[in-house]
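*Asks:* Have a look at this one.
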Amino acid sequence: MDRDAFLQQPDVQGFVRWMGGNLPNLTVDLRFARSNYVRKTLKEKVIGIQGAQQAYQWDGCWDDVSKILKAFRERLRDAALGEDVATAYTVCEEILKWGGVLNPASVTFLQGLAASGELPGYLIAVEALLRLDSSNRISHITLKSVPVFNSGMTKIHAIFDESGSPILDGRVAGAAATLYHLYRSGVCHQTAPAANHLMFAWEEGPGIQVRNPQMLGPQYMGTQRLNRGKPHEWAARQLQLGWIIRHFLETHVEIFPALAIEERCHRFEAGLFMMGYDLRSIVPNGWDIPEPPALARKRKTQADWRKRKRPAKADC
């Protein structure tokens, strides 16, 4: 299935129409705890995808982070296109550190590609699979063509891309899935197109936040978890979400106006990133939902771990 065929599906068209009517005025109740990447506690109600984007925080505001990402893109593309393996690997590692996802799976995979000299070619090949403005097909994304995809590799591939491909981490994925659930909750007539929750997925974060839509209630069932064992499916979802975002912005020029389409796509992604910190921020009366048992257990586990790590008091 190519971009045109994907976007012509009645359910995708319905979702895009729903976003056009609801995203600009959606109340987003952001509640962030202070962390290594959020410099101060954030508790703020904003309006719509643009309001969420304007509140962006990840070790700095959007204007600062956007400059960092553009610098990463320029250096990584120059290295890959110039077949400079060492520099390409260095920038990839810097991206992983920036994203807080310098994990062994990504590092080992990238080191292997660098050692064989294949890293530049691999980045270019995956870019062709994920571009939002070409004739690529979902079926071209296979386990052979994309053998590793996770919260780190999605950052590298999205930053390398020049067409607006989104970073599909747990926050962005969960926010997109929840918006789709909100759209489907209003589609109840018999002639409605069938739901396709496989377009979206969720991934758990390290903190005490709701990232799984199912934790919001029984009406949010159906979304799968992102699966590292099926990296090509994760990559395909990045392509599909990118197609939806870019098509939405092409048909709604009032959202992030007067900017290049690629920049608009990344601002939309930044809005989803903020919405997805805790999915209770984007559903009606979300913060009135009792804490799910899974989060309560996680809270206790982390509290017990901190207690064990705390140094014992010396005897007087």
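*Asks:* So, in region 25-82, how many residues would count as being loosely packed, with under 13 Cβ neighbours inside 10 Å and in contact with a Pro (Cβ under 6 Å, 6 or more places away or on another chain)?
*Replies:* Number of matching residues: 0.
*Asks:* A follow-up question, please. When region 8-42 is examined, which residues are found to be closer than 19 Å to residue 269 by Cα and assigned to a loop (DSSP other than H, G, I, E, B)?
*Replies:* Listed by number, the residues that qualify are 26, 37, 38.
*Asks:* Looking for whichever is assigned to a helix (DSSP H, G or I), touching a Gly at 6+ places or on another chain (Cβ under 8 Å), surrounded by fewer than 22 Cβ atoms within 10 Å (Cβ to Cβ) and at pLDDT 95 or above here; the options are 233, 250, 262. Which one fits?
*Replies:* 262
*Asks:* Also, I was wondering about something else. Of the numbered conditions (1) of a type in the set (A, V, I, L, M); (2) in a helix (DSSP H, G or I); (3) out of contact with any Ser or Thr (no Cβ under 9 Å at 6 or more places or on another chain), residue 177 satisfies every one except a single condition; which is it?
*Replies:* Evaluating residue 177 over (1) of a type in the set (A, V, I, L, M); (2) in a helix (DSSP H, G or I); (3) out of contact with any Ser or Thr (no Cβ under 9 Å at 6 or more places or on another chain) leaves (3) as the failure.
*Asks:* Here's a follow-up. Out of the residues in region 212-230 that are under 16 Å from the mean Cα position of the chain (by Cα) and closer than 22 Å to residue 159 by Cα, state the one that is surrounded by the most Cβ atoms within 10 Å (Cβ to Cβ).
*Replies:* So in region 212-230, the residues under 16 Å from the mean Cα position of the chain (by Cα) come out as 212-213, 223-228.
Next, only the ones that are closer than 22 Å to residue 159 by Cα stay: 226-228.
On the way: 226: 24, 227: 13, 228: 14.
Checking each candidate, the answer is 226.
*Asks:* Continuing with this model, one more query. Condition (residue is in a loop (DSSP other than H, G, I, E, B), of a type in the set (D, E, K, R) and modelled with pLDDT of 95 or more) applied to region 149-156: is it met by at least one residue? Write out each step before concluding.
*Replies:* As a first pass, look at region 149-156 and keep what is in a loop (DSSP other than H, G, I, E, B): 149-152.
Filter once more, so that each one left must be of a type in the set (D, E, K, R): none.
Looking through region 149-156, none of the residues is in a loop (DSSP other than H, G, I, E, B), of a type in the set (D, E, K, R) and modelled with pLDDT of 95 or more.
*Asks:* May I pose another question? Quick one: how many residues across region 265-294 are over 20 Å from the mean Cα position of the chain (by Cα) and either buried (at least 17 other Cβ atoms within 10 Å of the Cβ) or on the phi > 0 side of the Ramachandran plot (or both)?
*Replies:* Summing the residues that are over 20 Å from the mean Cα position of the chain (by Cα) and either buried (at least 17 other Cβ atoms within 10 Å of the Cβ) or on the phi > 0 side of the Ramachandran plot (or both) in region 265-294 gives 2.
*Asks:* Okay, next question. Is there any pair linking a residue in region 167-185 that is crowded, with 24+ Cβ neighbours inside 10 Å to one that is basic (Lys, Arg) and not in a helix (DSSP H, G or I), with Cβ under 6 Å and at least six apart or on different chains, and which?
*Replies:* From region 167-185, the pairs are 174/211.
*Asks:* Tell me, please, whether a residue that is without any contact (Cβ under 8 Å) to a residue 60 or more places away in the chain, hydrophobic (A, V, I, L, M, F, W, C) and not in a strand (DSSP E or B) can be found in region 238-245.
*Replies:* no
*Asks:* Something else about it: Restricting the first residue to region 268-297 and requiring it to be under 15 Å from residue 28 (Cβ atoms), which pairs with a second residue that is charged (D, E, K, R) and part of a helix (DSSP H, G or I) meet a Cβ separation below 8 Å and a spacing of at least six or different chains?
*Replies:* Sorted first by the residue in region 268-297, then by its partner, the pairs are 272/171; 273/171; 274/171; 275/171; 276/171; 277/171; 286/280; 287/280.
The values are calculated or read from the model by the stated rules, or taken from the named source; none is laboratory data. Note that the structure is predicted; figures quoted are calculated from it, not measured. For neighbour counting, all protein chains shown are included, and Cβ atoms are generated from backbone atoms with ideal geometry for every residue, glycine included.
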